[in-house]
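Note sheet for the following structure.
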Amino acid sequence: MAKFIVKKLGIMFLTVLLISFAVFFIITLPPGDFLTNYIGRLTAAGESVDPVMIANLREQYGLDQPFVVQYWRWITNILFHGDFGYSFSLAMPVTTVIKAYIVPTMALSLVTMLFTYLISIPIGIYSAVHQYSVGDYAFTTIGFLGQAVPNFLMAILLMFMSFKLTGDTMLGLFSPAMQNAPWSWAKFADLCKHSVIPIIVIGLGNTCGLMRTMRSQMLDELNKNYVMTAKAKGMKAAMIRYKYCVRAAVNPIVSSIGWSLVGIFTGSTITAIVLNLPSMGAIMYNALIDQDMYLAGSWLFLMAIVTVIGTFISDVLLAWLDPRARKEYLKG
């Protein structure tokens, strides 16, 4: 297992470096940059632009340098100094922006992911074991509806229901009275109350998809020959089901952690805008529009790192659950 992990870590490092190059290339691909857009807005507003000031800004932030020089400066500053560059649109270092928004974004993503797996796996098992029952039909219907309804529409519906029931639309992660209050049990309770709608909205589509996957995999395992053989030998159905079938059926679920994590991490952008959440989704959206290259590139780079880490976790868990996967990988 240790050899497997070391090999995976080495591949992770090389993958992250290649992704960083691809991300920076894509961010700088559109014509112009933030200063070009800024000049265009000032000109459209009828204001004069000092060419000397613009030239000085290009030189100060390295925008006048070739692509390779800009990339090398950006990636070396990240690796050796933890400096992600400067956000032109927000007029502050990118590191400051990330520190302000990364904690609520990661916390919301991880709690949503926990909600997704804790709900989808048990329901998938139940639906497979009780195939064609009333509960199976009910969960299947909910699954189809959950995948069909867009996140933003679900957010609006839940906000409307919340307002009708409680008089509060639950916008943001805190109520206005608790926004700047010091941490206390009352503020924590307010956070939990306001987190319910974002967690449901962001996690619902993924939960419904994983629920259907778990159901189909579990049904496949329950109909295999080893289950019939174990039953013929007198082994209890519950032991067969949970000791062998679930462990085999959960493999595709475990292997999906990588894309599920980044999907939750990045898929909350529209939901964050609708629900006024203090996450990086809206900031990233504005950075792409404004061609704020260092902020947009750094956030895409961090999302790529989250994807690679999620994939690594998936591979390690899969190797632990199924030794055949580990042996085949080490052979290759």
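List of remarks:
- Looking at G310, G281, G297, just one residue is assigned to a helix (DSSP H, G or I), open to solvent by less than 30 Å² (accessible area, probe 1.4 Å), small (G, A, S) and touching a Gly at 6+ places or on another chain (Cβ under 6 Å), and that residue is G310.
- Qualifying residue in segment 81-91 (condition: without any contact (Cβ under 8 Å) to a residue 12 or more places away in the chain and open to solvent by less than 60 Å² (accessible area, probe 1.4 Å)): no
- Per the listing Q131, Q147, the residue uniquely polar (S, T, N, Q) and not in a helix (DSSP H, G or I) is Q131.
- Checking F188 against (1) open to solvent by 40 Å² or more (accessible area, probe 1.4 Å); (2) within 26 Å of the chain's Cα centre (by Cα); (3) within 30 Å of A148 (Cβ to Cβ), the condition it does not meet: (3)
- Subset of segment 228-248 (residues that are farther than 18 Å from L321 by Cβ and part of a helix (DSSP H, G or I)): M228, T229, A230, K231, A232, A237, A238
Results for (1) in contact (Cβ under 8 Å) with a residue 40 or more places away in the chain; (2) open to solvent by 50 Å² or more (accessible area, probe 1.4 Å), shown as yes or no for each residue.
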position: P104; (1), (2): yes, no
position: L108; (1), (2): yes, no
position: L118; (1), (2): no, yes
position: P122; (1), (2): no, yes
position: I125; (1), (2): yes, no
position: H130; (1), (2): no, yes
position: G135; (1), (2): no, no
position: A138; (1), (2): no, no
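- The set of residues in segment 215-227 that are assigned to a helix (DSSP H, G or I), of a type outside the set (F, W, Y), more than 21 Å from G135 (Cβ to Cβ) and open to solvent by 50 Å² or more (accessible area, probe 1.4 Å) contains only N225.
- The single condition among (1) out of contact with any Asp or Glu (no Cβ under 9 Å at 6 or more places or on another chain); (2) surrounded by 17 or more Cβ atoms within 10 Å (Cβ to Cβ); (3) over 21 Å from M214 (Cα atoms); (4) of a type in the set (G, A, S) that S162 does not satisfy is (1).
- The number of residues in segment 165-185 that are in a loop (DSSP other than H, G, I, E, B), open to solvent by 50 Å² or more (accessible area, probe 1.4 Å) and among the hydroxyl-bearing types (S, T, Y) comes to 1.
The values are calculated or read from the model by the stated rules, or taken from the named source; none is laboratory data. Quantities reported herein were computed from a predicted structural model and do not represent experimental measurements. A quick note on method: Cβ atoms are made from the backbone with ideal geometry, for glycine too, and the neighbour counts reach across all protein chains shown. Side chains included, ligands, DNA and RNA excluded: accessible areas come from the protein's heavy atoms. Shrake-Rupley method; radii C 1.70, N 1.55, O 1.52, S 1.80 Å.
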